[in-house]
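One structure is given below, encoded as C-alpha cells.
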Amino acid sequence: RVEMTINKVDLSEVATTIIEEFKREEPTRKIDFIIHDKLIADGDANLLRILLENLLGNAWKFTKKCKRAIIEFGKTQQGKETVFFVRDNGAGFDMKYANKLFIPFQRLHDDTDYPGTGIGLGIVSRIIHRHRGRIWAEAEENKGATFYFTIGGKNNE
C-alpha cells in the first residue's frame, strides 16, 4: 500500500543477487542458472525484488529433487509486449489447478515435500497487478513450470 517509486530496474542484476544468496544458503545444490542480460523494466525496485525472490525461490524449492536443476530467467516478445519468464525443470504441477496458483494459501504440493506458507504467488500477483501487468503459468507434472509476467506494458525493454 506504500506509494510506488518507478525507476528503470535491472532485473538481471536483481536476479543474480538473489541467486547468489540462495547459493550461499545451500552451496551443495547442483543448479544451472541461466539469467539473460539486460532484463530492464520500469517499476518499483523493492517490489520487483520481492517478486523475483518469490518466483526464483519457488523455482529453487521445486527443483530440490532434481539431480541437475535448471532455472532460467529471461524475456521474450509477444507482439510489441515484453514478457519476462522464470522457468525450471522441477516438480511442475497439473494445469487443471492453475486457477488456484495465485490465490493465497492454496497449495498444489504437499507441505512435507515442499514447505511454505502458500502466499508467495499471491504476493507476486499483487505486485504484478500494482505494476499494471499480467501473470500466468504453464507447467507439466514432474517436468517443470514456467511463470510468465508483464510489467506495465509498453514502457519496458
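The values are calculated or read from the model by the stated rules, or taken from the named source; none is laboratory data. These numbers were taken from a predicted model, which means no experiment stands behind them. Every residue, glycine as well, gets a Cβ built from its backbone with ideal geometry; the counts of neighbours run over all protein chains shown. Just so you know, the surface numbers come from the protein's heavy atoms only, side chains and all, with ligands and any DNA or RNA stripped out. Shrake-Rupley method; radii C 1.70, N 1.55, O 1.52, S 1.80 Å.
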Handout entry: Accessible surface, 1.4 Å probe, highest first, among residues ILE18, ILE123
Key = ILE123, ILE18
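Leaving out ligands, DNA and RNA, what percent of the accessible area of segment 43-89 is carbon and sulfur, probe 1.4 Å?
51
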Practice task
State, to one decimal in nm, how far the label point of THR16 lies from the label point of ARG132, with both points 7 Å from Cα in the Cβ direction.
Solution key: 3.0
Handout entry: Per residue solvent-accessible surface (Å²) - segment 1-57, probe of 1.4 Å
Key = 61
Completion exercise
For GLY133, other-chain or 5+-apart residues with amide H closer than 5 Å (H placed, Pro excluded) are GLY152
